[in-house]
Amino acid sequence: MNRKTREPIFSIPNAFSLTRILLIPVFLAAVLQGRTKSALIVFLIASGTDFLDGASARLLNQRTKLGALLDPAGDKLFMTAAFIILSIPALNAPNVLPIWLTAIVIGRDVMLVAGAIVLYVKIGRKSFPPSLIGKSSTVWQFAALLLVLLFNTLNKEAGFLIWIYTFTALLTIIAGGGYVGKGRAWLKAAR
């Protein structure tokens, strides 16, 4: 008799991912209330949970299907919320993320989700490993958010951020193009 073993819903990595999701309203409230230092601290804590969920999953061998969904969902939800709220001039001073950068980042993510759905429906593909350029663009997106929060906490205008925004946008676009190319190749190979 062959029984399927059920994965535990609760695991330490999943708790870290869930914590990151639960920190989204805390972060948003801090920005809305003009508490830039608190927003920065919550952002850093959320970033720490991103590192800890991956590390604990590997170290404790607690990789689960739920975790495979929660981790990227937590990342994307937190980053999307941060990009949107830090692009609102009335809430952020002296530095505001440009709306064009937010549109590029969110647009690419929407495109990736749509592409993943198409690949799953058409060819049953469930695994979408990130590329090196994709990981690099995520690091630069994180850096842009962190720097806006940091310099707003210090109440200092940082003119050099336009270069960070431009480079981040460029990497994000290149990574998106790479994922589109990879998706087309998978579709072509499945025919």
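The numbers here are math on the coordinates, done by the rules we state, and not lab data. This one's a predicted model, so the numbers in the text were calculated from it and none came from an experiment. In this analysis, Cβ positions are derived from the backbone assuming ideal geometry, glycine residues included, and neighbour counts consider all displayed protein chains.
General observations
- Given in Å, the Rg to one decimal and the Dmax to the nearest whole number for the Cα atoms of region 96-191 are 16.1, 56.
- With the convex hull of the Cα atoms taken as the outline of region 8-85, the averaged projected area works out to 4.6 nm².
- Summing charges over neighbours of Phe16, with a neighbour being any other residue whose Cβ is under 9 Å away from its Cβ, gives -2 when K and R count +1 and D and E count -1.
- Listed by Cβ neighbour count within 10 Å, with the fewest neighbours leading, Trp186, Trp100, Trp140 appear as Trp100, Trp186, Trp140.
- Pairs of Cα atoms nearer than 8 Å and 6+ residues apart set the relative contact order; for the chain it is 24 percent.
- Helix-only [θ]222 nm of the chain, DSSP H runs n ≥ 4, -39500 (n - 2.57) each, per residue, nearest 500: -26500 deg cm²/dmol
- Here region 20-154 yields Rg over Rh of 1.00, to two decimals, using C-alpha coordinates and the Kirkwood radius.
- When you filter the trypsin sites (Lys or Arg not before Pro) in region 72-168 for DSSP loop state and at most 12 other Cβ atoms inside 10 Å of their Cβ, you are left with Lys126, Lys156.
- With a Cα cut-off of under 22 Å and a minimum spacing of 8 residues unless on different chains, the lysine pairs in the chain number 16.
- Under the criterion of Cα pairs below 8 Å and six or more residues apart, the relative contact order for region 8-85 equals 49 percent.
- With eigenvalues of the C-alpha gyration tensor scaled by 5 and rooted, region 48-106, Å: 31, 12, 7
- Between the residues Ala185, Ile164, Gly134, the greatest Cα displacement towards the positive end of the dipole of the chain, with unit charges on the Cβ of Lys, Arg, Asp and Glu, is found for Ala185.
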